[in-house]
2 protein chains.
Amino acid sequence: MVSKNLEISEEIEIPEVISGLRMTRQRQEIYRTLMQQRNHPTANDVFMRVKDRLPNISLATVYNCLEALVQHGIIRQVNFDRESSRYCPNLSEHGHFHDATTGVIHDVSFKPGINLADVLDLPPGAIIEGVEVTLRGKLVAI
Amino acid sequence: MVSKNLEISEEIEIPEVISGLRMTRQRQEIYRTLMQQRNHPTANDVFMRVKDRLPNISLATVYNCLEALVQHGIIRQVNFDRESSRYCPNLSEHGHFHDATTGVIHDVSFKPGINLADVLDLPPGAIIEGVEVTLRGKLVAI
DNA sequence: TTTTATAATTAGAATAATTCTTGATATTGG
DNA sequence: CCAATATCAAGAATTATTCTAATTATAAAA
């Protein structure tokens, strides 16, 4: 039901400033979109969705806003091979499982107590600033 | 010393067929390049290196060959964010640590006995077909 | 408030990595 | 040797993303 999403949108309130970033109208709407539709959309997906509310927004602005949000640690940018980047408002440390059959991306968390640095043989002196764990595969009925 | 590499190249012998892929001259030279220079070159890096021996090779052919080698599981394609793909002949399961200061990429292996599936909360029914672990950071003197 | 400075937005052009297309070459199997 | 198939080369095309320049909005100062 297409209209349902529009009707539901219980206006998530977004502050004027997050992590030092001024939340302009465009950034608000883009962030709201990500919070509401947590299916790891591409910049173009976000562009199409947000046009309902900001008909004049440009794709360049979507890219600018997404980048600003990423730079300020408000959202995460996720890459799968050489596909378009996807964006994700889940800031907890997690990886991604890409179901090759449906294309759906599932967040994958680490089991409690697991620290990635503990299971890897890092080069001596390595200071980790960012981690990305990506899994590709199929989801079968269980 | 630029000429040294050329002189050293102790002609690694490459079989006519690997994993069912006919090793044409171009594929041989590209594979040899990867085996000799294990610094995760891009397609363009490979192109420039391999031109010494195959002056007529085209970049498109380098891409074709790299793709054929990847498809046949002879090499791995490694992606960092949205940068150019890099290629790697190390087939053992491993991740990559990208030193932001120098740009150098280090292979990172799992500690013995570690199975990535054991430390992740995978969605039920997930069958893993490929894994990528990428770390970004700095290397400090110890 | 007006003025001024700074930041954000827009539209479209530019870029860069990669893929595609087409025609030429080479290789293999019969 | 000949036909079928695979590979290769050159350059055009594609696609995601970034850049440029002009406009608009916001904040800060007077």
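The values are calculated or read from the model by the stated rules, or taken from the named source; none is laboratory data. Note that the coordinates shown come from a computational prediction; the quantities given were computed from them, not determined experimentally. Every residue, glycine as well, gets a Cβ built from its backbone with ideal geometry; the counts of neighbours run over all protein chains shown. Surface accessibility is based on the protein's heavy atoms, side chains included, excluding ligands, DNA and RNA. Shrake-Rupley method; radii C 1.70, N 1.55, O 1.52, S 1.80 Å.
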Quiz item: If amide H atoms are built 1.01 Å from N in the plane of the peptide, which residues on other chains or at least 5 residues away come under 5 Å of the amide H of residue B:108?
Solution: B:95, B:96, B:97
Quiz item: Across the stretch B:81-93, in residue order, what do the Karplus-derived ³J(HN,Hα) couplings come to in whole Hz, using 6.51 cos²θ - 1.76 cosθ + 1.60 with θ = phi - 60° and x for Gly and Pro?
Solution: 6, 9, 6, 4, 5, 10, 10, 8, x, 7, 8, 5, 5
Exercise. Please list the non-local residues whose amide H lies under 5 Å from the amide H of residue B:23, H modeled 1.01 Å from N, same-chain partners needing a gap of 5 or more.
Key: B:17, B:18
Quiz item: Can you run phi through the Karplus equation (6.51, -1.76, 1.60; θ = phi - 60°) for the stretch A:103-111 and list ³J(HN,Hα) in whole Hz, with x for Gly and Pro?
Solution: x, 6, 10, 10, 5, 10, 9, 7, 4
Quiz item: Ignoring ligands, DNA and RNA, what accessible area per residue does chain B give at 1.4 Å, in Å²?
Solution: 56
Self-check item: Computed accessible area, residue B:16, all protein chains, 1.4 angstrom probe, square angstrom
Solution: 150
Self-check item: Net +/- balance of residues flanking residue B:111 in space, Cβ distance below 13 Å, scoring K and R +1, D and E -1
Solution: -4
Quiz prompt | A:102, B:42, reordered so the largest accessible area comes first (probe 1.4 Å) | solution = A:102, B:42
Self-check item: More than 22 Å apart - percent of Cα-Cα pairs taken over chain A
Solution: 48
Quiz item: In a solvent-free Debye calculation with one equal scatterer on each Cα, what is log10 I(q)/I(0) for the stretch A:27-109 at q = 0.13, 0.18 Å⁻¹, listed in the order of the q values?
Solution: -0.38, -0.73
Practice problem: Estimate for me the total accessible surface buried between chains A and B (protein heavy atoms, probe 1.4 Å, no ligands or nucleic acids), in Å² to the nearest 100. | Solution: 3600
Quiz prompt | Derived scalar couplings ³J(HN,Hα) [the stretch A:38-44; Karplus, 6.51 cos²θ - 1.76 cosθ + 1.60; whole Hz; x for Gly, Pro] | solution = 8, 10, 6, x, 7, 4, 5
Quiz item: Given C-alpha coordinates of the protein assembly as shown, what is the ratio Rg to Rh with the Kirkwood estimate of Rh?
Solution: 1.02
Quiz item: So what is the calculated 222 nm ellipticity per residue for chain B, using -39500 (n - 2.57) for each DSSP H run with n of 4 or more, over all residues, to the nearest 500 deg cm²/dmol?
Solution: -8500 deg cm²/dmol
Self-check item: Lys, Arg +1 and Asp, Glu -1 on Cβ, resulting dipole of the protein assembly as shown about Cα centre, debye, nearest 20
Solution: 600
Exercise. Enter the accessible area of residue A:116 (Å², nearest 10), with the probe set to 1.4 Å and all protein chains included.
Key: 10
Quiz item: Got a number for carbon plus sulfur as a percent of the protein assembly as shown's accessible area, 1.4 Å probe?
Solution: 50
Exercise. Using only alpha carbon pairs under 8 Å that are at least six residues apart, calculate the relative contact order of the stretch A:92-137 and give it in whole percent.
Key: 51
Self-check item: Positive dipole terminus of the protein assembly as shown, leading residue within B:94, B:72, B:122 (C-beta point charges)
Solution: B:72
